[in-house]
Amino acid sequence: MVKIGSWRRGAVGLGGLALLLLLLLEGVGAVEGSLLARAAVMGLGSERNAESSMFCCALLSLQLGTKVSYPFSSHYKSQSQSYWSLQESLMTPTCRLTPTQPSDISLALRTLSKHHCSFAVRGGGHMAWAGAANIQDGIAIDMSAISSVEMDKGAGTVKVGAGARWDGVYDVLDGQGLGVSGGRVAGVGVAGIVIGGVLKLLLLPPWRSMKKGGRGNGNANLTHHPDLFRALKGGSNNFGILTSITLRTFPQGPIWGGLIINPISTAPKQVLALQEFVSASASDPYASVLNVYMHTQGTDLVLSSLVHTGGEVNADSLKAFAAIGPQLMNSMRVTRIGDIARELAAGAPNGMRQIFGTATFGNSAALFTSILNITDTVFAPLRNVSDLQYTTVFQPVTTAMTSKSAATGGNSMGLDPSMGNLVCTSSSFLERSPNTTPPLTRTLPFQNIVLDINIQWPLAEHDQLITNLIHTAVSQINALAKSMDLFNDYIYLNYAFQDQDPIASYGEGNLEELRRVSREVDPEGVFQRLVKGGFKLWREEEGEYLGEAEL
């Protein structure tokens, strides 16, 4: 049953109301061929886009019933409020679709493409910028109901629904003494990590694409659709909608890990320890480091997230960090992956305004020190802003990580051991709402030194200033890295701000291969034209691809 209730002002006009009534009285088939319906779709003046989306929402309501929700419903409001960034939460889709099975997605794709309705796809909803996984006056497909985690001990795999979060995966695996290659922060979506830049993945079934008019689906892995399998690892939301991901498991016992917090005066020792760790990383593939420089409420701190997945207490590879004093806090302990993921998530709560920026460069303590000087200078105007926090996070991405990718089909990002050891640097801002606990922002290690500027703040009045400062910081850091011959043009997609072009940074050959795969699985360019969020294979200035042949 379709419910007609109060509606936010300006979202639906008389044409949309007439369309809803017609759908109720005559059914889908009558409406799709009806002149009245076509008139309603066109809308009244500036309401055209909203009316077109209302038409698709109404069709989906008839087809999928209560799986479609509207702004007046508690389900719609709950999903909107569950995004990580406030910018995403404030967007108001015409309706939200919550599929519960892959056939729902296939049906929705046929309806949306046939009537040219814009839509967004949300897995975990952990991207920062507005429109990355949400949409204004369109249809938001929320995958949260497809979130099961199913073990297959015989095959040594775990099948994960595309709406699952990493903490849900670890809750299942930790109890079985198993692990997978995954995200480090609880609450982050599995799908976003996978298609935004995973290096090692063995199986990835299935997906729903626009091949054969929206009925395209299947498994992508090393033997079935290997080109698509490779493209999905870094190709983002350009090829279809993932419905599940199958990951190869491995034995995983207790780990040694936690957080150490030091005063900022220890920074010279920290950057030397980081350089030493990256240089020697090949000797201990179980060790990882997140080196975080934070300014919050007039205080400057250094936080190190140290993990040894081999479970070695006081591992030699991490001793340089563990020995730095004085220590304001030390939570190092023997624990499980899920526990560490939740500890990191506690510092990155939902409900703040967010922005990221990122850069990539080589391993040099001198460069790390200069980057900290740049961020301190560029972000000086923010130091007196009430409830604002910013961090600069260095994340090693080592050859021990990239060397694993080739054996599992490679990746579309151009990352391989020939790039050497790199470090991802993340700069993050957090402006807290009053009466909230100071968060400790975290990000993950990857195979580059990437600058990730994550600004989190509650007030829109600071949007432009913070955005401008992030652009300035990234530009200066890239220029410095180039002058020191340490620049790498790779841009990690999940830390990129909206104006960056991470997919182009994969290299011309990889970009053209991604475009070729897109033409094959999405011949009409639906995921280029109708999915406005995310990073596209064709930038607006390059035009949009429209397929000529139906495959």
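The values are calculated or read from the model by the stated rules, or taken from the named source; none is laboratory data. Quick caveat, the model's predicted, so the values are computed rather than measured. Methodologically, a virtual Cβ is constructed for each residue, glycine included, from the backbone with ideal geometry; neighbour enumeration extends over all protein chains shown. These area figures cover heavy atoms from the full protein model, side chains too; ligands, DNA and RNA do not enter into them. Shrake-Rupley method; radii C 1.70, N 1.55, O 1.52, S 1.80 Å.
Here are the numbers for the structure shown:
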{"read-out": "For the range 285-296, Karplus couplings with θ = phi - 60° (6.51, -1.76, 1.60), whole Hz, Gly/Pro x", "value": "x, 8, 9, 9, 9, 10, 10, 10, 10, 10, 10, 8"}
{"read-out": "Amide H contacts under 5 Å for residue 120, placed H, 5+ residues apart", "value": "139, 140, 141"}
{"read-out": "FRET efficiency for residue 504 and residue 313, using Cβ-Cβ distance with R0 set to 45 Å, rounded to 0.05", "value": "0.55"}
{"read-out": "Hz values of 3J(HN,Hα) by residue in the range 150-160 - Karplus curve (6.51, -1.76, 1.60), Gly and Pro given as x", "value": "10, 7, 10, 5, x, 8, x, 9, 9, 9, 10"}
{"read-out": "Pairwise centroid distance, computed over Cα atoms, of the range 233-303 with the range 499-544, Å", "value": "30 Å"}
{"read-out": "Accessible carbon and sulfur surface of the range 331-382 relative to its total accessible area, %, 1.4 Å", "value": "56 percent"}
{"read-out": "Listed pairs 233/532; 159/319; 67/532; 319/482; 67/159 exceeding 29 Å between Cα atoms", "value": "159/319; 319/482"}
{"read-out": "Under-5 Å amide H pairs with residue 244, H placed in peptide plane, nonlocal only", "value": "162"}
{"read-out": "Fully extended contour minus Cα-Cα distance, from residue 63 to residue 222, at 0.36 nm per residue", "value": "53.7 nm"}
{"read-out": "Residue order for 316, 142 - accessible surface, 1.4 angstrom probe, largest first", "value": "316, 142"}
{"read-out": "Computed over the range 226-270, Kirkwood Rh from alpha-carbon pairs, angstrom", "value": "15.7 Å"}
{"read-out": "Förster radius 22 Å - calculated FRET efficiency between residue 152 and residue 101, Cβ distance, rounded to 0.05", "value": "0.70"}
{"read-out": "Label-point separation, residue 116 to residue 264 (7 Å along Cα→Cβ), nm", "value": "5.4 nm"}
{"read-out": "The range 273-386 - Kirkwood radius from inverse mean 1/r over Cα pairs (Å)", "value": "16.4 Å"}
{"read-out": "Distance (nanometres) between label positions extended 7 Å along Cα→Cβ at residue 484 and residue 75", "value": "5.3 nm"}
{"read-out": "Exposure ranking of 152, 104 by accessible area [1.4 Å probe, largest first]", "value": "152, 104"}
{"read-out": "Sites residue 342 and residue 463 - FRET efficiency at Förster radius 30 Å, r taken between beta-carbons, to 0.05", "value": "0.50"}
{"read-out": "Residues with amide H under 5 Å from that of residue 188, placed H, sequence gap 5 or more", "value": "166, 167"}
